[in-house]
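Note sheet for the following structure.
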Amino acid sequence: MSIEGARETPEAPVANTGAIRQQVSGVVIAYNRIDLIGTCLRALSFVDELLVIDKSSTDGTAELAAQFADRVIVVPWSPVVEETRAFAVATCKHDWIVCMDDDECLSVEAVRFIERELISPRASVYLLPQRHYIMGQHDERAYYWPEFQPRFFSKQAITFLETVHGGMKYDEAAAFVVPYGDGTCIHHLSHKNVEQWIEKANRYTSRLDRVRVPHAGDDVVAFSHENINRYVSVTKSSEPGGYPRAVAVLRALYDIIDRLKTWEEEEGVNGDEAFQTICRQLDAAYARELPTRKIVAPQIDTSQLGAATTPLLAKLPERDATSSDELALETLRRAIEALRESLRHVRAAAELERRNADAVLVHERRLLEENSKQFTIREAELAEEMRANAALHEARLQEVSEGVQLARSELQVHRNKAAVLEQQLVANGTAAEQRLLALQAEADQLRADAASARQQLHAVYASVSWRLTGPMRGIASRHPGAVAGLRGFLRRHPKLRHAAVGTVKAGWRLITLRRVATPVPPPPPPEVELLPALAPSTDVDKHFNVRRIDVDRSVASTPVSAANRRVLCVGHVMPYPPRAGNEYRIHRLLTWLSSAGWSPMVVICPLPHEMPSDQQIAMAASIYPNFIVCGHDGVVHHNLSEDSHLVESLDGEVVRDFGAVLGEQDPAIQRERDLLATMRTFCPDVLIELLLKLDENWKPDVLLAEYVFMTRAFAAMRSELPKVIDTIDVFSTKASKVEQYGVTDGLAMSEAEEAALLNRAQLLIGIQPDECRDLARLAPGRRVVNVGVDFHVNVEAGAAPSKPVVLLVASNNPMNVKGTRDFLRFSWPIIRKERGDVELHIVGDVGRSVAIVPDGVKVLGRFEELDAAYAGAAVVINPTVAGTGLKIKTVEAICQLRPVVAFPAGVDGIGGAAKPLLHVASDWFDFAHHVVRVLSDRPDAATLVELGAALAREFSPEVVYAELAGAIDEL
C-alpha cells in the first residue's frame with residue numbers, strides 16, 4: 001500500500017544558515033503497540049531527547065521501545081491518553097516538544113519541516129495535518145480530511161485538559177496551521193477494523209469526564225439520523241457502498257453510543273441494580289413455589305480441563321516449589337526496584353520544579369520592584385501633566401464662557417426676528433386656510449362629479465342598449481372603412497336613414513314594453529365561470545395599450561428553442577440586467593430552460609414603484625426572444641414577432657374585474673384584507689387578463705410563477721395546465737428569521753396562509769435544502785425540488801493580493817442596510833485597531849445607506865463587472881445577520897475563490913466544497929477577529945486551483961438543475 005506524503009526522491013538536508021537550532025524533546029505515550037511502536041520511534045530519530053511513557057504494556061512494547069528511546073518510564077494503566085499527556089510533557093527537559101501517540105508516525109517531510117522551524121520558529125504551537133487510516137485506508141474524500149493536530153509546540157504555550165477528547169488549550173493567534181500540499185503530515189494508523197473502533201468508542205464514552213456530543217431534546221432516533229446525515233453530507237463522494245460513506249457511518253456511531261450513555265444517566269437507568277432486584281424477586285418466588293434440591297456432596301469435575309491442558313503442561317520444564325518461589329521473589333524484587341527508581345525520578349523532578357519555582361519567584365520579585373519604581377515615576381509625570389491640562393482647560397473654559405455670552409446675545413436678536421416672522425405667518429396662514437377650504441370644497445365637488453359619472457358609465461355598461469349595440473361596435477372597430485361607407489350612404493339617402501331610425505326605435509319600444517309588462521325574475525346566481533361574458537374592471541379608465549419593442553434579434557443571448565415544449569414564466573422582478581441576487585438567479589434559470597429544450601415566454605409585471613425605464617426594457621428584450629412587460633396601468637411592451645397577434649389583439653380592450661370571478665369576497669378580518677391587497681398588488685387584474693389570452697392562444701405546456709404571490713392567476717387558467725412555483729423565499733419563516741431583528745418588508749405570513757398558496761401548484765421549487773424541508777412540511781402532498789443557482793467559477797482568479805482589502809458587495813434591501821451599519825459600528829473599529837492598513841471597499845447600492853464614511857472605508861457605488869473588485873480583495877464579508885433563501889452574494893464571492901466571513905444565515909444552503917472558504921462568526925466581535933485572521937492567513941495558489949475545480953463541479957448547470965430537469969419532465 002502506498003503512503004501519501006512519502007516521496008521516493010530524497011530532498012536536500014536542511015541547510016545550515018548559521019542560526020542556532022533549538023533543542024527538542026520527543027515523547028510518545030504507548031500501550032500494547034508492539035506492532036507500531038518501532039516505526040513511530042524511528043521517525044523521531046532527529047530529536048535531542050526521546051522518552052516513551054509506557055502504560056504497563058503486556059505485549060513487549062516497553063522492551064522494544066527501549067531499543068530506540070533514551071528512557072522508557074512505566075506508569076499505571078489508564079483507559080485514555082489524556083490523563084498521561086501532562087505528566088509526559090512535564091518529564092521532558094527541553095522547551096520544544098514533539099508529542100505523539102503510539103499510533104502516529106511523522107512523514108519525512110514533516111521531520112524536515114520541524115527541523116527548519118527549530119532554527120527560526122514562526123509560532124509557538126504548530127497544527128500538523130493528520131491523515132487518518134481507518135480500517136487500514138486513508139481517503140481524502142472522507143469526512144476527516146483535512147484535520148490538524150497540535151503535535152509540535154513550546155512547553156510554555158499549552159495547557160493540557162484531562163477531559164476525554166478535550167485536547168489542549170492554547171492561544172489560537174500564536175498557532176500556525178501547517179499546509180499539507182507538500183506531504184507534511186502525521187500518518188495516524190488509528191483503527192485496523194470496525195471491532196477496534198467500537199472497542200475504543202466504548203472505552204472512551206464510559207468516562208464520566210469527557211467531551212459529550214451536544215444534543216437538543218429527547219428523541220434519540222432523530223439524533224441518530226441527524227448525525228449520520230451530518231457526516232455523510234461532508235463526505236466528498238456519492239458512491240453508496242464506498243469507503244468514504246462507510247467511515248462516515250462509523251464516525252456517527254461514536255456520537256450515537258455517547259448519546260445513548262448520556263441518555264442512561266439522564267433517565268437514571270441502572271441495569272445492574274435492576275438485575276439484582278429481578279433475581280431477588282425470582283428467588284423469593286422459587287422458595288415459595290418450587291421444592292429445594294438437596295445436594296449431599298457437591299462435586300466439581302475438572303478431569304476434562306486436565307485432559308485438555310496435559311499436552312501443554314508436558315512441554316513445560318519441571319520445576320519444584322522452591323524454584324517457583326524464588327522466581328516469584330525475584331520478579332517482586334525487580335518490580336520494587338523499578339518502583340524505587342521511578343520514585344527517585346519523581347523526587348528529582350519535584351526538586352527541579354521547586355528550584356525553578358524559587359528562581360521564578362525571585363525574578364518576579366525583581367520585576368515587581370522595578371515596576372513599582374517605574375510606576376512612582378510615571379505617577380509623578382501624570383500628576384504634572386494633569387496640572388498642566390487643568391490650567392489649559394481653565395483657560396479654554398473662560399473662552400467658552402465668553403462665547404456663550406455672545407451666543408446668548410445673538411439668540412435674543414434671532415428671537416425678536418422670529419416673533420416678527422410669526423406675526424407675518426399668522427396673517428398669511430389665515431388667508432391660506434381660507435384658500436385651502438375653498439380648494440377642499442372644489443375637490444369634494446369634483447369627486448362627487450366623478451362618482452356620478454362613474455355610476456352613469458356603469459349604468460351604460462349594464463344597459464340593454466349597450467349589449468345590443470355590442471356587435472355593431474365590434475364591426476366598427478374591425479371594419480372602420482365599411483362603417484364610414486355606410487354612414488356616407490345614409491347621408492346621401494335621407495329617406496332610408498329615417499326608415500332605419502324608425503325601425504330601431506320601434507324595436508326598442510317593443511323590448512322596453514315587453515320588459516315592463518312581463519318582468520322576468522332574475523335567474524339563480526350561476527357558478528363562477530372561467531371567462532364571464534362581461535366583467536368590466538372596477539377602474540373603467542383602464543384599457544390595454546400595447547406597444548412593440550424593436551430589438552436586434554442577432555444579439556439575443558437566450559436562444560430560441562426549436563422544440564414544442566413551452567413554458568410561461570411570470571414574475572414581478574426584471575431578471576435582466578440583474579441588480580440583486582434573486583434577479584440573477586431567475587435569469588440563470590431562464591437561460592437553463594432555453595438550453596434544456598424549452599421555449600420560455602417571459603412575462604414581467606413590475607410593482608407600481610418599480611416600473612423599469614424604456615432602456616432597461618429594451619435591454620431585457622434583446623436577451624429574451626419572447627418577452628412581455630405588463631404595467632399596472634395597462635401599458636404592455638413586447639418583442640414578439642411570430643406571436644405578436646397574441647397581445648396586439650388586446651389593444652384598446654377594457655380590463656375586467658376578476659375579484660368576483662376568483663371568489664375574492666371582501667374579508668371581514670383586517671389581516672385577510674391585507675393579504676388580499678398584497679396578492680392584487682403583485683398579480684393585478686391586468687396581468688390575469690394578459691395571462692388568460694396567452695393561455696388560450698399560445699397554449700403553454702407549463703406555467704412557472706416566481707414567488708407565491710403570482711398564484712392569484714392560477715384559478716383562472718386551464719385546470720389541466722401544470723403549475724410550478726419557484727418560491728425563492730419562505731415567507732412564513734420571516735417572523736423567526738428576519739423580523740426579530742427589527743426589519744420587515746410587510747410580506748410575512750402565517751404557515752396556514754402560505755400552505756394554502758403553495759397547494760395551488762403541483763411542483764414547488766426551493767432555493768436551498770433547509771427551505772425545501774419547510775416547503776415539504778407546509779405542503780406535504782406536493783413534490784419539492786431543490787434548485788440553487790449555477791455560477792461560473794473563476795478558476796484563474798489566483799491568490800488574493802498582498803494589500804489587505806475587505807470587500808462588501810450588496811444591494812440596499814433592509815437586511816443588507818442593517819448588516820452594513822452594524823458592521824461599521826461594531827466590527828470595523830476592532831479590525832482597524834488590529835490592522836491599521838486595512839481598507840473596506842463597499843460596492844453596490846448598499847453604499848447609499850452609509851451616512852458618515854469612517855476611516856479606511858471607500859464607497860464605490862455600482863459596478864457593471866465585479867471581477868476587478870473581487871480580484872483586488874483579500875476577503876469578502878456578508879454582514880447580514882438573518883434572512884431567508886440562498887445568499888447568492890456569498891456564492892458569487894466563493895466562485896471568485898475569495899474567503900468569506902459571514903454569520904450562519906449568510907452560508908445557508910451552501911454545499912461542502914465551499915467549506916474551506918467559509919468563516920462563520922457568532923457575534924460582531926467574533927466577526928472582526930475572523931476578518932483579521934483571514935487577512936493574515938490566506939490560502940496558496942495551488943489550494944485555490946484544487947478548490948476551484950471542486951466548486952466548478954458543484955455550481956455547474958448539470959448539478960444545480962439536475963433535480964428540476966427530472967421533475968419538470970414528469971409533469
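How long is segment 24-192 along each principal axis, judged by its Cα atoms, biggest number first, in Å?
Here the spans come out as 39, 37, 31 Å, largest first.
Based on the mean of other Cβ atoms within 10 Å per residue, sort peptides 94-107, 664-677 so the most packed one is first.
94-107, 664-677
I'd like the Kirkwood hydrodynamic radius of segment 886-971, using the inverse of the mean 1/r over distinct C-alpha pairs, in Å.
14.3
Could you name the aspartates and glutamates in cross-link range of Lys699, using Cα to Cα under 19 Å and dropping any fewer than eight places away on the same chain?
Of all the aspartates and glutamates, those that pass the test against Lys699 - Cα under 19 Å, at least 8 places apart if same chain - are Glu642, Asp643, Glu648, Glu689, Glu720, Asp969, Glu970.
Whenever you get a sec, compute what percent of the accessible area on segment 24-192 sits on carbon and sulfur atoms (1.4 Å probe). Please list the in-between numbers first.
Numbers: 3370 of 6520 Å².
Whole-percent figure for carbon plus sulfur exposure: 52.
How much of the accessible area of segment 543-786, in percent, comes from carbon and sulfur atoms when a 1.4 Å probe is used?
Ligands and nucleic acids excluded, carbon and sulfur give 49 percent.
At 10 °C and 1.306 mPa s, grab the translational diffusion coefficient of segment 805-955 from Stokes-Einstein with a Kirkwood Rh over Cα pairs, rounded to a whole number in µm² per second. Spell out each step's value before the answer.
Working: Rh = 15.4 Å.
D, rounded to a whole number, is 103 µm²/s.
Over segment 543-786, one equal point on each Cα, no solvent: what is log10 I(q)/I(0) by the Debye formula at q = 0.09, 0.18 Å⁻¹?
-0.38, -1.58
Quick one: dipole size for segment 543-786, taken about the Cα centre, charges +1 on Lys/Arg Cβ and -1 on Asp/Glu Cβ, in debye to the nearest 20. Each step should come with its number before you reach the end.
Values: 24 positive and 33 negative charges, 145 e Å.
Around 700 debye, computed over segment 543-786.
Show which lysines lie in cross-link reach of Lys818 when reach means a straight Cα distance below 25 angstrom and same-chain residues fewer than eight apart are skipped.
Straight-distance partners of Lys818: Lys734, Lys737, Lys833, Lys858, Lys887, Lys889.
I need the peptides 386-393, 259-266 ranked by packing, meaning the mean over residues of other C-beta atoms within 10 angstrom, with the highest value on top.
Working: 386-393: 10.1, 259-266: 14.1.
My ranking of the peptides, most packed first, is 259-266, 386-393.
Put His363, His138 in order of accessible area, largest first, 1.4 Å probe: what do you get?
Greatest to least solvent exposure: His363, His138.
Which lysines, on any chain, are close to Lys192 with Cα under 23 Å apart, when same-chain ones fewer than 8 places away are left out?
Counting by Cα, and skipping residues close in sequence, Lys192 has these lysines nearby: Lys55, Lys200, Lys236.
Using only C-alpha positions, report the orientation-averaged shadow area of the convex hull of segment 12-117, nm², one decimal. Intermediate results must be reported in sequence, preceding the final value.
On the way: hull surface 27.3 nm².
Projected area, direction-averaged: 6.8 nm².
I'd like to check one number: the per residue accessible area of segment 24-192, probe 1.4 Å, reported in Å² as a whole number.
Here the per-residue accessible area is 39 Å².
Quick check: at a probe of 1.4 Å, how many percent of the accessible area of segment 826-942 sits on carbon and sulfur atoms?
That share works out to 55 percent.
The values are calculated or read from the model by the stated rules, or taken from the named source; none is laboratory data. These figures come from a predicted structure and were not determined experimentally. Positions of Cβ are generated from backbone atoms using ideal geometry, with glycine treated the same way; all protein chains shown enter the neighbour counts. Just so you know, the surface numbers come from the protein's heavy atoms only, side chains and all, with ligands and any DNA or RNA stripped out. Shrake-Rupley method; radii C 1.70, N 1.55, O 1.52, S 1.80 Å.
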